[in-house]
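Since the structure comes first, as structure tokens, the remarks are kept for the end.
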Amino acid sequence: MIDGLLVLALLAPLVPRPPSLVPLQDTTKGKAVYVKWCAGCHGDGGAGDGPSAAHMLPRPRNFTGAIYKIRSTASGQLPTDADLMRAIDEGLPGSAMPAWKGRLSDGERRDVAGYIKTFSAFFADTSQHAAALKFSGEPGGGTGAAALKTGRQFYDSIGCRKCHGDQGRGDGPSAPTLKDDAGFPIFAADLHQSWRFRGGGSAADIYHRLRTGLDGTPMPSFSDLIDQKFLTDEQLWRLAQYVRSLSPPDPPEVRDVIHAPQIAGPAPVSPDDSAWARADRYWFPLVGQVVRKARWFAPAVTGVWVQALHDGHTLALRLSWDDRTQSPDSAWLGFEQRVLETVAGDDSGPPKAEPWPDQLAVQFPRRLPEGSGGMERPYFLMGSETDPVYQWRWTSRPRKSVAGLARGIERFDTLPGALAGQASFDHGEWRLVFTRALATPDTANEVQLEAGRAIPVAFFGWDGSSGEHGSRMAVSTWYFLALDRPTPPGVFISPVLAMLVTLGLGLVVVRRARRRGTARAGRQR
Amino acid sequence: MTAPALRRSATHPFWQAVGILVIAYIVVVWVVPLLPGSAIVPKSVVLQYMVTVLVGVLIYVSDNEERWARFKEPIEAVLAEPRLRVVRAVLLVVVTALVGLVAYGQVATTVAAPPNLRSIHPAPPAEITFRGRSITLTGLENPLRAHPESLALYLAEGKGVYYRNCLPCHGDHLDGQGHFASGFNPLPANFQDNGTIAQLTESFVFWRVAKGGPGLPREGTPWNSAMPKWEDFLTEREIWSVILFLYDQTGWTPRTWEKTGTGDGGRGTGHD
Amino acid sequence: MGKLGAVAATGVAVLVLALGGWMRAPLPAAQGGGTISGKVKFTGAKPAMPKIDMSEEPKCKAKYTAAPPTDEAVVVNANGTLANVFVYVKSGLPASYKAPAPAGPVTLDQDGCRYHPHVFGILVGQNLAIKNSDGILHNIKAKGTKNRPFNISQPTTMTSERTFTAPEVMVPLECNVHGWMHAWLGVLPHPFFAVSGTDGSFTIKGLPPGTYTIEAWQEKYGAQTATVTVAGSETKTADFGFAAK
């Protein structure tokens, strides 16, 4: 012990001490803030074991080890005060940690950052304090083909695909074995959803994470590779820029109405038909089903991209979503078991991992709402006994699509007749197309897809390899689908008329004013 | 523009009118939504406000003969003066184009989401059945408040209930922005807002928690609400304790029956 | 029989490397001094260690021609003793004892998608050279609690160096790309530690006179302690015994 201290004392002068980055933190006030706003998740003792912790994946941070994912310091080093402030201010997207800026005052946030440091002796030991790494600025041309090609080259050569998969959807061969330091299952990040990156989604954020690693997770630091000249700093930037390019430029905005343009040809039945290039993509976030027993707090399908087209007779609906596995996949059974053991539910014990399939459901009311306002709909969560909903359901095994009526989560009655559904799985992405005639004979049960109407629609998703089935699913509330009609030429008549009339009137007014002006001028002369 | 020219404009009735219209627009569109408890003003309402302001301005300028004449000066100048020929032409083209655009927008209607006419605090029933037991809501107070000595215990219990059940939607800050909130429309209730629990009696909140979305009357759009029917999950005491927690954590005080009377069923007056 | 032979061969290989690692550690400052040696016995049925499927890494898989590699959590020697038990002086050193300056690195090699050695010790402040002989992606993660952790990517043949600041028994090391790769590192402020070899024996040399608490740590079966008093340059015996669970 004495010797350990001796060595520490010897090493202390070698470690650079960072300048104090924030004003003095009042840990007494910080404790009050912590107890009121943070302890519910992070626990009174900071061990990440508050009452809500068992309902979360990822779990809340355990402060006692002073191990932080999002830092500006080298792998394993303590975060700087600025790093802690950033996590508190901005939150950790994709987790339950909200941004506290605007929710707590500047002083409260600063004090609570001071208080969480008291949970670990490392912060008290000044020899452990670390300075932020010196990050270079982002080189230009990051969205160009040459830069992305370099980035992709290093994506392959440094083995990113081992966990993140060939196309970056977190489906690499090592992904099902991943655990965090506490032994909880952890997903390799889906690099196509940069808006869910814990440390931010910009190329600079990604570069910083590559340099520092994400402590407590399997994500290592790549700084040693620059030191050992395996790659250059610029090449690491290119990698970051390549990763950034996998996600949309901006986080997807949620829009209420899916517009299905009318096309001339037959509506596409295949998910890889070129006609889909003509349809806008709509993003719908899905969240855990926490309304009915058994609730599910860790939904794996975070959202679904929807496209729609129609040809006047048939509607084609294309749904694509990221899923690491083509369930059931025996390689993921162990992971599934760990997820079920980690995330608390309404069962007395964790359910046993089983080879569930992936599933997706699209929901409509049986009939379009009528009458004043026309907004009444069945219950969003799969209808009810007395007011069922009409659903299209797809499963990955057996690979089939059916239409039917759901009367609550528990009851689904298949309707006669096949539903056309075609799905393909490609590197962590499902692409599914449902097609159905706009009008069908069974008008009592099957929604009639009328053009020009707002048709209520909702979505449900299951990832079998995360133990999802039945009520354990990801849900949405009601949105709308609208089948657009092509603009008839008649629509242009009235605007043109209005313009002509306006122009004519304008000219008349001007002429009269000028005549009056001339007359007045004449009188004055 | 030079300072004297600015001053001249500031006293000119035409530019005064323009100024008032611009200020009114800024206030209605940008300032009003910033006021606590307000939302973005719908376009149709903005138009109504602007027409009202315009009429007021016209009445003011035409009230006095000389002011009216001065008001018209710049307008007539643009219409008639040869030196302003370019301005005149540009104005004609712009106005014509605008009219065309507006007319097109009117005709080429696209399908929009139907308006969601939703009563946020619908009238509660006088009585509910909680797990087979009848509870009279009218005049009902939080029974846990009758034991002030145990309040800390109840609050701790309520906090646990909140974090285990309510957090994913209503959020760490109780502002309706939990990590599942983005999936729901309407958004989960924001308890920090002065328009939710601050306006309600605890018995109303008890009804909403116990019966959830499915227990809403038609005007509350029960088909949309993701609020669970908590009587399936929580005991009566757990619900009362989490209600205590909601008020304690946000700092609001519940409405009491003395203040609201018994007639409006526990809703805040002047709300909805 | 062939399987057993292969296990034994692997055990020998591991031990040779383990000893190699340990031998490179600095020798005790005081030559002479007391010695504690002993054996780590094992009783009960030898647990069957699960096979490791390395199909994902053909380069590693190819290195195990005789038999598929197995988990190393319990390595029972041919003579019924346990290898890979970390034996060290837990307490009893005089307050005046001064640790020798750490010299030369301790090397941890990643070869055949396994760590060599599997269990080893290091001095506080001494360099740990982490070598990737495989030339395929490994990440090396240290999950200490008294020491700061680290997690380094090694996608190619390379060596990284790290040190530890505080005594800690044991620091788990792991690779997340290959979930089966585990190693255990004992960080101590003194050089009085050893790892049991292929015959289950260990020797700690150069101890100043005194009464010591010796601990034997096994990754699956936990730790046991013994109290030993040494005077002058005598050799004392301390045997440990672990039973199958």
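Derivation of every value follows stated rules applied to the coordinates shown; laboratory data play no part. Predicted, not measured: the structure shown is a model, and the values here were computed from it. Cβ coordinates were reconstructed from backbone atoms using ideal geometry, including for glycine residues, and neighbour counts include every protein chain displayed.
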Taking θ as phi - 60°, what are the ³J(HN,Hα) couplings along segment B:47-57 by the Karplus curve (6.51, -1.76, 1.60), each to the nearest whole Hz, with x for Gly and Pro?
4, 4, 4, 5, 5, 4, 4, 4, 4, x, 4
Inter-chain shielding metric for A:148-156, i.e. average beta-carbon neighbours from other chains within 10 angstrom, reads 0
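Expressed as a rounded percentage, what relative contact order does chain B have, with Cα pairs under 8 Å and six or more residues apart?
Details: 290 pairs, mean separation 45.9, N = 272.
Relative contact order, chain B: 17 percent.
Counting each pair of different Cα atoms once, what's the Kirkwood radius of the protein assembly as shown in Å, rounded to one decimal? Working shown, then result.
On the way: mean 1/r = 0.0293 Å⁻¹.
The answer is 34.1 Å.
Over segment A:144-232, what lengths in whole Å, largest first, do the semi-axes of the equivalent ellipsoid take, defined as the square roots of 5 times the eigenvalues of the alpha-carbon gyration tensor? Don't jump to the answer; show the numbers that get you there.
Values: eigenvalues 86, 47, 38 Å².
Semi-axis lengths for segment A:144-232 are 21, 15, 14 Å.
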How many Cβ atoms of partner chains, on average, are near each residue of A:221-232 if near means within 10 Å of its Cβ?
4
Report the label-to-label distance for A:Lys134 and A:Val254 in nanometres (one decimal), using points 7 Å from each Cα along the Cα→Cβ vector.
4.5
Quick check on chain B: what are the equivalent-ellipsoid semi-axes from the Cα gyration tensor, as sqrt(5λ), descending, whole Å?
56, 21, 17
What are the residues whose amide H is under 5 Å from the amide H of A:Arg485, where those residues sit 5 or more places off or on another chain and H is modelled from the backbone?
A:Gly452
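I want to verify the translational diffusion coefficient of segment B:1-80 in µm²/s; compute it with Stokes-Einstein, Rh as the Kirkwood radius over Cα pairs, at 37 °C and 0.692 mPa s.
On the way: Rh = 14.3 Å.
Estimated diffusion coefficient is 229 µm²/s.
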For A:Asp323, what residues show an amide H to amide H distance below 5 Å, using hydrogens built from the backbone and excluding near sequence neighbours?
A:Glu429, A:Trp430
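If a/c stays under 1.5 just call it rounded; otherwise compare a/b with b/c (prolate if a/b is bigger, oblate if not). Do that for segment B:127-260, with a ≥ b ≥ c from the square roots of the Cα gyration tensor eigenvalues.
Working: a/c = 1.42, a/b = 1.16, b/c = 1.22.
Because its axes are fairly even, with a/c under 1.5, segment B:127-260 counts as rounded.
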Taking θ as phi - 60°, what are the ³J(HN,Hα) couplings along segment A:455-471 by the Karplus curve (6.51, -1.76, 1.60), each to the nearest whole Hz, with x for Gly and Pro?
9, x, 8, 9, 10, 9, x, 10, 10, x, 6, 9, x, 8, 6, x, 6
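Looking at the calculated P(r) for segment A:15-128, what percent of the C-alpha pair distances fall above 20 Å? Could you put the intermediate results ahead of the total?
Values: 2343 of 6441 pairs.
The answer is 36 percent, as a whole percent.
Ranked highest first by average number of other Cβ atoms within 10 Å, how do C:210-223, A:333-346 line up?
On the way: C:210-223: 18.4, A:333-346: 19.9.
Ranked by mean Cβ neighbours within 10 Å, highest first: A:333-346, C:210-223.
Tell me, what is the FRET efficiency for B:Gln48 and B:Ile26 to the nearest 0.05, using R0 = 22 angstrom and their Cβ-Cβ distance as r?
Numbers: r = 17 Å, r/R0 = 0.75.
With R0 = 22 Å, the Cβ-Cβ based efficiency is 0.85.
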Tell me which aspartates and glutamates have Cα within less than 19 Å of C:Lys98's Cα, excluding those fewer than 8 residues away on the same chain?
A:Asp3, C:Glu168
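Would segment C:2-243 count as rounded, prolate or oblate if I go by the C-alpha gyration tensor, calling it rounded below 1.5 in a/c and otherwise prolate when a/b exceeds b/c, oblate otherwise? Let's see the in-between values first.
Working: a/c = 2.17, a/b = 1.35, b/c = 1.61.
Because a/c hits 1.5 or more and a/b fails to exceed b/c, segment C:2-243 counts as oblate.
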With each label point set 7 Å from Cα along the Cα-Cβ vector, what nm distance links C:Lys63 and A:Ala146?
4.0
Inter-chain Cβ neighbour average for residues A:63-76, partner chain, 10 Å:
3
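Applying 1/(1 + (r/R0)^6) with R0 = 22 Å to the Cβ-Cβ distance of B:Thr235 and B:Ser150, what FRET efficiency is obtained, to the nearest 0.05? Each step should come with its number before you reach the end.
On the way: r = 16 Å, r/R0 = 0.73.
Rounded to the nearest 0.05, the efficiency is 0.85.
I need the peptides B:20-28, C:233-241, C:74-82, C:183-191 ranked by packing, meaning the mean over residues of other C-beta atoms within 10 angstrom, with the highest value on top.
Numbers: B:20-28: 13.9, C:233-241: 15.6, C:74-82: 19.6, C:183-191: 23.0.
With the highest mean Cβ count within 10 Å placed first, the list reads C:183-191, C:74-82, C:233-241, B:20-28.
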I'd like the isolated cysteines in chain C, meaning no second cysteine's beta-carbon lies under 4.7 angstrom from theirs.
C:Cys175
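Using 0.36 nm times the number of residues separating A:Gln262 and A:Ser424, minus their current alpha carbon distance, what extension gain do you get? Please report the intermediate quantities before stating the final value.
Numbers: separation 162, 0.36 × 162 = 58.32 nm, distance 2.43 nm.
55.9 nm is the gain from fully extending A:Gln262 to A:Ser424.
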Which ³J(HN,Hα) values, rounded to whole Hz and listed in residue order, are derived for segment C:179-194 from phi using the Karplus coefficients 6.51, -1.76 and 1.60 in 6.51 cos²θ - 1.76 cosθ + 1.60 with θ = phi - 60°, glycine and proline given as x?
x, 8, 7, 9, 9, 10, 10, x, 9, 10, x, 9, x, 8, 8, 7
Residues with amide H under 5 Å from that of B:Met227, placed H, sequence gap 5 or more
B:Gly213
Distribution output for segment A:370-525: share of Cα-Cα pairs per 5 Å bin in percent, first bin at 0, values 2, 7, 11, 14, 14, 10, 6, 5, 4, 4, 4, 4, 4, 3, 3, 3, 2, 1, 0, 0
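At 222 nm, what helix-only mean residue ellipticity would chain A give, in deg cm²/dmol to the nearest 500, using -39500 (n - 2.57) for each DSSP H run of four or more? Write out the running numbers ahead of the final one.
Details: 13 runs with 134 residues, N = 525.
Result for chain A, helices only: -7500 deg cm²/dmol.
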So for chain A, averaging the separation of alpha carbon pairs under 8 Å that are six or more residues apart and normalising by length, what relative contact order in percent results?
13
Peptides C:132-139, A:218-225: what's the order by average Cβ count within 10 Å, highest mean first?
A:218-225, C:132-139
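From the square roots a ≥ b ≥ c of the eigenvalues of the alpha-carbon gyration tensor of chain A, which class results: rounded (a/c under 1.5), prolate (a/b over b/c), or oblate?
Details: a/c = 1.97, a/b = 1.35, b/c = 1.46.
Oblate, because a/c is 1.5 or more while a/b does not exceed b/c.
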Can you compute the label reach from B:Val87? Point 7 Å from Cα along the Cβ direction, backbone N cut-off under 14 Å, restricted to segment B:52-76.
B:71-76
Report the full-extension gain for the segment C:Asp239 to C:Ala48: residue separation times 0.36 nm, less the Cα-Cα distance, to one decimal in nm.
66.3 nm
Where q = 0.15, 0.16, 0.23 Å⁻¹, what log10 of I(q)/I(0) comes from the Debye formula for segment C:58-116, counting one point per Cα?
-0.78, -0.84, -1.11
